[in-house]
Structures are given as C-alpha cells and as structure tokens.
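Taken together, the values in this text are just the output of simple stated rules run on the coordinates, not laboratory data. Keep in mind that this is a model prediction, so the values were computed, not measured. Heads up, the Cβs are rebuilt from the backbone with ideal geometry, glycines too, and the neighbour counts pull from every protein chain shown.
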Amino acid sequence: MSSVVVVSSENLDEKQQSLTTSVVQAADKKVNLLGMSRAELEKFFEDLGEKKFRASQVMKWIHQFFVTDFAEMSNISGKLREKLEKICEIKAPEVVHRNYSKDGTRKWVFRVGEGEGSLVETVLIPAEDKTGARKTLCISSQVGCALDCSFCSTGKQGFQRDLTPAEIIGQLWMANYSYMEDVPVAERERTVTNVVMMGMGEPLLNYDAVLSSMRLMLDDFAYGMSKRRVTLSTSGVVPKIDQLAQDIDVALAISLHAPNDELRNELVPINKKYPLQQLIAACQRYLTKDGNESARRHVTIEYVMLEGVNDHPEHAQQLLKLLKNLPSKINLIPFNPFPHAPYGRSSRNRIIAFQKTLSDAGFVCTIRQTRGDDIDAACGQLVGQVADRTRRAEQWQKKVAQRQEILRTQG
C-alpha cells in the first residue's frame with residue numbers, strides 16, 4: 001500500500017486543502033479499504049480528522065451491503081464521500097473466470113497480480129444441514145503452496161507469494177456479492193454461512209494476513225460470523241498453532257492423512273519438521289485455551305483416502321491410538337485424482353469399512369461428499385496458475401515425464 005498524506009482536520013484553510021488534494025492526486029494508487037480491520041479503519045478516519053465511528057459505518061457498507069461506490073453510502077456526509085472517492089477504493093481481486101456446477105457448487109478464479117502466473121481459486125459449496133441451508137466457502141491464502149503434499153494438485157504448482165488481507169477477504173466479499181448482484185442495496189444480506197481456510201496455500205505460513213482476515217469475518221460490523229463457522233486448516237505448523245490459540249478463537253482442522261510418522265513423512269513432508277507427537281500435543285494445547293461458547297470443542301481431522309496407501313485396517317487402528325486423547329471429529333475424504341497423480345481413490349467399500357472402525361470406537365466420523373467434480377472444484381483440485389519461485393512445478397513435470405517414459409518402454 002502506498003503512503004498517502006491525508007487531511008488532519010475539517011477546518012483547514014483553502015491553501016491547506018489544495019495542498020492536500022495535490023498530494024493525494026500524486027499518490028501511486030488509492031488506499032484499498034476492503035482488507036482493513038476495524039482498528040485500522042478507525043485509525044485511518046482519525047488521521048483524516050474524522051470520528052472513529054465512521055469506520056463501523058463504512059465497514060457495514062462494504063461487508064454487509066457489498067457497496068463499492070462511496071456515493072451510495074447515504075449516512076455519510078457528501079463532503080466525506082468526496083474525500084474518500086479521491087484517496088480510497090474498495091477493490092476485490094479481479095474475477096477472470098467463474099463456473100457454477102450443476103450441483104450448486106461455485107468456483108471463481110481470481111487474478112491477484114500481473115500475468116497468468118498470479119491466479120488463485122475459491123470454491124463455494126452449498127448443502128443442507130439441521131440449521132438449514134449452509135453455504136461453505138473454501139478460501140485460498142497463498143498463490144500456490146510452499147508445502148509439497150504428495151497427493152495435492154495445488155502443491156505441484158509450486159509457490160509464488162502470500163495473499164494480502166484484501167485478497168483473502170475479497171474472496172468472501174465476492175462469494176456473497178455473487179448472490180446479491182441484482183438485489184437492491186437495501187435488501188442485500190450476507191449469504192455465506194461458513195468459511196474454511198482450506199484452499200490454495202498453508203494459512204499458518206501467511207499468518208498475519210490470515211489472522212486479520214478472520215478477525216474481519218468475526219466482526220459484527222463486517223460478516224458477523226460465528227466462531228464455530230470459521231475454520232482454519234493446517235498441515236501442522238506447530239509453533240503457529242500455539243500462536244493462533246493466543247490470538248483468536250476459531251475452529252481448527254488438521255490435514256493429517258496418515259496415522260504414523262513414516263507414512264506421513266511421505267504424504268505430508270512438513271511432518272519431518274513437526275512429527276505427529278508434537279502436532280497432537282499442539283492440538284491438545286489449542287483446545288485447552290477455551291472460553292465461553294468457544295469454537296475449540298474439538299479438532300477436525302482431515303484424512304484423504306488413498307487406495308492401498310493409508311486405507312488398510314491397521315491404519316484405522318493406528319489412527320484410533322493416535323487420537324485417543326484428542327477430542328476430534330474425523331472427516332474421510334475420497335481422493336480426487338488430478339493429471340498424473342501417483343495415487344488412486346480408495347474403493348467405497350474400503351472407505352465405509354474404515355469409517356465403521358472409527359465410529360464403533362466412539363468417534364464421530366463422516367465421509368465427505370465429493371462436490372464440484374465437473375468444474376474441478378473438489379478437494380485437492382484447486383490449482384490456479386502460479387509463477388513458481390520454488391521450481392517445484394518444474395521438478396514435478398520432470399518426474400511425470402520420467403514416469404511416462406518408463407511406462408512407454410515397459411509397454
């Protein structure tokens with residue numbers, strides 16, 4: 001964000017007003033208010049010589065009525081609206097592609113930088129539950145992913161950079177707006193009921209921006225979401241799990257995928273740095289940082305089912321032993337193949353047998369319904385386009401070529 005000189009009082013004389021306007025017009029770009037927290041906006045308006053309550057007014061217009069034109073903010077003076085128009089903007093990431101599935105799933109591709117190598121994807125999944133219609137948005141936090149989980153197509157794209165708060169919260173803004181585009185401003189309402197930080201990237205490796213965005217999700221002047229309906233999913237960055245426990249109360253999910261260190265080292269390489277014993281202990285500490293109506297009643301365990309790899313009966317028994325002292329719900333995820341993936345999806349019978357072992361032991365264990373297959377929006381299929389700074393995509397392509405050559409010579 002470029003620095004902007006702002007007016008400090010409404011009582012400036014004409015010369016001072018003219019000078020301020022000139023400086024503002026010379027600024028590199030306008031200040032984007034979309035990703036600002038309430039505290040940041042309050043300071044921004046105080047620096048403008050305005051009252052702090054202007055922050056909550058503008059937040060409501062942005063995040064509850066999805067207004068981007070300051071002229072439509074009717075409870076703000078015309079003079080302030082003109083001032084904001086000169087130095088500010090409300091700008092979500094550019095939508096370069098959108099696709100709506102026949103099952104109601106929606107996917108957006110956002111451009112978050114220059115060129116084709118700065119594209120991220122976001123998916124909204126509708127469902128019915130005991131509370132009524134649920135719309136869960138899977139949000140990305142990075143362009144690509146710095147981790148290299150062997151079964152995830154996103155990781156094979158490599159990594160470019162972290163997303164900013166405006167680029168993160170802009171995904172939620174756009175998903176809500178997609179249902180409200182043709183609705184009069186006064187009748188607009190927030191539609192997305194649940195958020196999972198489970199899209200492209202490892203959220204805890206972009207900690208500050210993700211934390212700021214989740215605080216906006218919970219803020220009553222923004223999206224006003226329940227703590228239990230905002231979930232952060234991590235592959236297991238142990239120190240940041242402990243930091244998260246101190247900073248915010250949201251639901252925690254762990255991309256586990258293996259019940260022992262040897263297998264998890266292969267599937268989720270960060271396990272070599274933070275092995276299972278450390279990860280489970282961090283989850284236990286996270287749950288002990290409790291409060292009134294906390295989201296921290298349990299940890300959600302995500303377990304993608306890979307044929308012949310992690311789906312044997314002994315793996316289910318190992319998982320029971322690993323989680324015996326951790327309040328948790330287990331979500332079994334049928335693997336969604338991507339081109340040249342070295343894995344296959346476990347059979348339906350194998351997944352059901354695995355679920356039964358866990359359920360009989362007293363765990364709440366569900367099988368995730370695969371949604372959005374027809375638009376490549378299923379779990380593990382978000383790839384975007386990444387200008388890879390890690391050369392991981394190049395290395396992956398070499399491995400694929402080598403494997404294809406072996407198959408060709410053998411065939």
What length, rounded to one decimal in nm, is gained on full extension from D47 through to D360, with 0.36 nm per residue of separation minus their alpha-carbon distance?
106.7 nm
Give me S226, S141 ranked fewest to most by other Cβ atoms within 10 Å of their Cβ, as a rough exposure proxy.
S226, S141
Lysines near K329 by alpha-carbon distance under 26 Å, same-chain residues fewer than 8 away left out - which ones?
K130, K135, K227, K240, K272, K273, K289, K321, K356
Sort R348, R368, R296 by Cβ crowding within 10 Å, fewest neighbours at the top.
R348, R368, R296
Mind giving me the nanometre distance, one decimal, between the label points for K324 and Q369, set 7 Å out from Cα along Cα→Cβ?
3.5
Peptide ranges 91-99, 103-111 listed from the most packed, as the mean C-beta count within 10 angstrom indicates
103-111, 91-99
